[in-house]
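Some notes on the structure that comes next.
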Amino acid sequence: MPERKEIIIKDDAYSLAGTGADLVVSAALESVQQTGRFTLAVSGGSTPRAMHRSLGREPCLSQIPWPGVHIFWVDERCLPGYDPASNYGRARHDFLNRIPVKEDQIHPMPVDLPPEEGAEKYQDEISSIFKIGGNDFPDFDLIFLGLGLDGHVASLFPGQKVLAEKEKWVAAVKGGDPDVRRLTLTLPVLNEAHRIVFLVSGKDKAPAVKTVLEVDEENLPAQMIQPRTGRLIWLLDREAASMLS
Ligand code: 6PG
């Protein structure tokens, strides 16, 4: 694991969500001040939902420089937005409907296409915002990741060949819970981020957190998150951190 990783342990899920939201505010203010924009990629699942709700309420609503914000997804299940398992659908309900941004600042993954086509289309959409070509990788200002019980991250599951992807920015995969077709950002893109925050909560995640942070030879997808130059922050609640040495 890179030596630059920072571990922050909060008392409970509520303060975890608040700290995650605070990280969004500080990264957004810094990024917009430096480059005029803030590119954020969010994960799905249940853990980030409390933080997402905070982004759609005060004080975040007034603190974040929304006109410069672009919101992307780390991964998406290839399901319609109304499906309760849709990461975009849940985010729309949790905060997108409450934040003052234009539709062209929100970039859901295109799940209405055959997955391989959707992956290519999403790379084009990312490219149009970052204004870079396929030889580079987009450097997101902040990426939030969850941790699966099996050590997966995004929709990068153990043993899948997508873990060896070195060129594509977005890949079409299948797996997870629900076990469906998915689109996911690939490791080169994730590791190009300026800031990566793992947001992990709950006792059930404690074994995976311990293995990922303390058992290097497991070579789990979450252990392949090694930002090339960016910050790696593990934001845990006390239960998720309870098995760490
Ligand atoms: C997804 C997520 C996935 C998630 C982990 C943790 O679309 O499934 O991006 O990688 O972050 O599975 O999920 P929970 O937060 O629900 O435990």
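Quick notes on this structure:
- Residue in segment 187-199 that is within 13 Å of the ligand (Cβ to nearest atom), over 19 Å from residue 240 (Cβ atoms) and open to solvent by less than 40 Å² (accessible area, probe 1.4 Å) present: yes
- Where residue 168 falls short, out of the listed (1) touching a residue at least 40 places away in the same chain (Cβ under 8 Å); (2) within 16 Å of the ligand (Cβ to nearest atom): (2)
- Restricting attention to segment 200-224, the residues being small (Gly, Ala, Ser) and crowded, with 23+ Cβ neighbours inside 10 Å number 2.
- With respect to being hydrophobic (A, V, I, L, M, F, W, C), within 25 Å of residue 236 (Cβ to Cβ), free of Cβ contacts under 8 Å to residues at least 60 places away in the same chain and in a helix (DSSP H, G or I), residue 61 falls outside the description.
- Of 125, 103, 76, 120, all but one fail to be of a type in the set (D, E, K, R), at negative phi, in contact (Cβ under 8 Å) with a residue 24 or more places away in the chain and open to solvent by 30 Å² or more (accessible area, probe 1.4 Å); the exception is 120.
- Qualifying residues in segment 128-153 (those that are open to solvent by 10 Å² or more (accessible area, probe 1.4 Å) and under 18 Å from residue 166 (Cβ atoms)) - the one modelled with the lowest pLDDT: 134
- Residues (more than 14 Å from the ligand (Cβ to nearest atom) and not charged (D, E, K, R)) located in segment 200-212: 211
- Flag for residue 94 being open to solvent by less than 30 Å² (accessible area, probe 1.4 Å), modelled with pLDDT of 95 or more and within 14 Å of the ligand (Cβ to nearest atom): yes
Conditions (1) within 16 Å of the ligand (Cβ to nearest atom); (2) over 19 Å from the mean Cα position of the chain (by Cα), marked per residue:
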| site | (1), (2) |
| --- | --- |
| 6 | no, no |
| 22 | no, no |
| 26 | no, no |
| 41 | yes, no |
| 48 | yes, no |
| 61 | no, yes |
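- Residue-level check: of (1) within 16 Å of the ligand (Cβ to nearest atom); (2) touching a residue at least 40 places away in the same chain (Cβ under 8 Å), residue 68 misses just (1).
- Within segment 79-91, being in contact with a helix residue (DSSP H, G or I) (Cβ under 9 Å, 6 or more places away or on another chain) and open to solvent by less than 60 Å² (accessible area, probe 1.4 Å) holds for 79, 80, 81, 83, 86, 88, 90, 91.
- Applying the condition of being within 24 Å of residue 224 (Cα to Cα) and open to solvent by less than 30 Å² (accessible area, probe 1.4 Å) to segment 1-35 and asking which residue is modelled with the lowest pLDDT yields 2.
- Applying the criterion of being part of a loop (DSSP other than H, G, I, E, B) and in contact with a strand residue (DSSP E or B) (Cβ under 9 Å, 6 or more places away or on another chain) to the residues of segment 36-58, the residue that is surrounded by the fewest Cβ atoms within 10 Å (Cβ to Cβ) is 37.
The values are calculated or read from the model by the stated rules, or taken from the named source; none is laboratory data. In this text, all values refer to a predicted model and were calculated from it rather than measured experimentally. Methodologically, a virtual Cβ is constructed for each residue, glycine included, from the backbone with ideal geometry; neighbour enumeration extends over all protein chains shown. Only protein heavy atoms, including side chains, enter the accessible area calculation; ligands, DNA and RNA are left aside. Shrake-Rupley method; radii C 1.70, N 1.55, O 1.52, S 1.80 Å.
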